[in-house]
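Below is one structure; the comments refer to it alone.
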Amino acid sequence: QTGAALLSEYFPVRKGRSIGMYYTFMGLAAFGAPKISSIILQSSTHGLVPQTPEYIAAEITAKSTIINMDLLVATAGVLVIGTLALRYKGIFGKSPFAMRG
């Protein structure tokens, strides 16, 4: 929501286009992230017998990799929003988090 709101203020002339692109990429991410997670998990345990120590170890490693990727993406998102917020204050002269009224 923050990203969509900032986009509409940064690009007031073509709001529909920028919001459409934003939600298109959000939709791709909503599909792609679970798909990539599934591929990582399946490739890590491929050829292993379920419920064996090797299978369980591979599954734990794969899940750890998936969680680390999720943390990396979340951190990148926070950094991007922070950068946009700082730029917003420089361009518009007020904090994007200030109360509107």
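Only the coordinates and a few stated rules stand behind these numbers; no lab work does. Remember, it's a predicted structure, so these values are computed and weren't measured experimentally.
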Problem - Segment residue 76-residue 2, length gained on full extension (0.36 nm per residue, minus Cα span) - result: 25.2 nm
Exercise for the section: May I ask for the Rg/Rh ratio of the range 59-101, computed from Cα atoms with Rh as the Kirkwood radius, given to two decimals? Expected result: 1.31
Completion exercise
Phi-derived 3J(HN,Hα) across the range 35-46 with the Karplus relation (6.51, -1.76, 1.60, θ = phi - 60°), rounded Hz, x for Gly and Pro, is 5, 5, 4, 4, 5, 4, 5, 5, 5, 6, 9, 4
Exercise for the section: Scan around residue 11 for amide H atoms under 5 Å from its own, H built in the peptide plane at 1.01 Å from N, and keep only partners 5 or more places away or cross-chain. Expected result: none
Handout entry: log₁₀ of I(q)/I(0) at q = 0.11, 0.16, 0.21, 0.25 Å⁻¹ - the chain, Debye sum with one point per alpha carbon
Key = -0.53, -0.80, -1.09, -1.28
Handout entry: Relative contact order [Cα under 8 Å, 6+ residues apart], the chain, whole percent
Key = 18 percent
Handout entry: Table column - 3J(HN,Hα) (Hz), the range 65-72, Karplus curve with 6.51, -1.76, 1.60, x for Gly and Pro
Key = 4, 5, 5, 5, 5, 4, 5, 5
Completion exercise
Hull surface over four for the Cα convex hull of the range 1-48, reported in nm², is 3.8 nm²
